[in-house]
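Report on one structure; see the data block that follows.
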Amino acid sequence: MNPTFPELTRAEEQVMHILWREGPSYVKDVQGALPAPAPAITTVSTIVRILEQKGFVGYEAFGRTHRYHALVGQDDYRRFSLRKLLGGHFGGSFSRLLSFFAQEENLDAAALDALLRQAQAGGPDDDAPAAPDAPATSKTPQP
């Protein structure tokens, strides 16, 4: 199954990454996890509502307060984004993408072989950049 998703802006992707990392969150918590200078709470609220309209986010209501959660899995969105990148820039060819990446990163045959072994093993991605530390957030309803 190859789901297609609507386009996300950079700000929308940032919010989705927070929801994927932190789990269900209030708008205040999402704002607190954004890099400084964080946008106003009303801006974050608008972004979350747009994500809800696009089908990426759902919520649980607590009176007038909502706790938002991701409806689209991070891996599903990664697959969609990679297919879009491949189709738009590399003619749908993974080998062209890999060749470009190897040249850009100046990878030798041994490094490429190690990447392929890791992919075949399905092991953890030790070279992936770590998610930035987010400030502690409260998961309590807002007034």
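The values are calculated or read from the model by the stated rules, or taken from the named source; none is laboratory data. Everything numeric in this text was worked out from a predicted model, so none of it was measured. Backbone-built Cβ (ideal geometry, glycine too); neighbour counts: all protein chains shown.
Based on this model, can you work out whether Met16 counts as under 30 Å from Phe100 (Cα atoms) and modelled with pLDDT of 95 or more? So Met16 passes the test. Evaluation of Ile50 against the conditions (1) surrounded by 13 or more Cβ atoms within 10 Å (Cβ to Cβ); (2) over 14 Å from the mean Cα position of the chain (by Cα); (3) assigned to a loop (DSSP other than H, G, I, E, B) shows that the sole unmet condition is (3). Among the numbered conditions (1) surrounded by fewer than 10 Cβ atoms within 10 Å (Cβ to Cβ); (2) modelled with pLDDT under 85, the only one that Phe101 does not meet is (1).
The residue of the stretch 53-99 that is nearest to the chain's Cα centre (by Cα), among those that are among the hydroxyl-bearing types (Ser, Thr, Tyr) and not in a helix (DSSP H, G or I), is Tyr68. Checking each residue in the stretch 53-79 for being surrounded by 11 or more Cβ atoms within 10 Å (Cβ to Cβ), over 16 Å from Arg10 (Cβ atoms) and either in contact (Cβ under 8 Å) with a residue 60 or more places away in the chain or among the aromatic types (Phe, Trp, Tyr) (or both) picks out Tyr59, Phe62, Thr65, Arg67, Tyr68, Val72, Asp76, Arg79.
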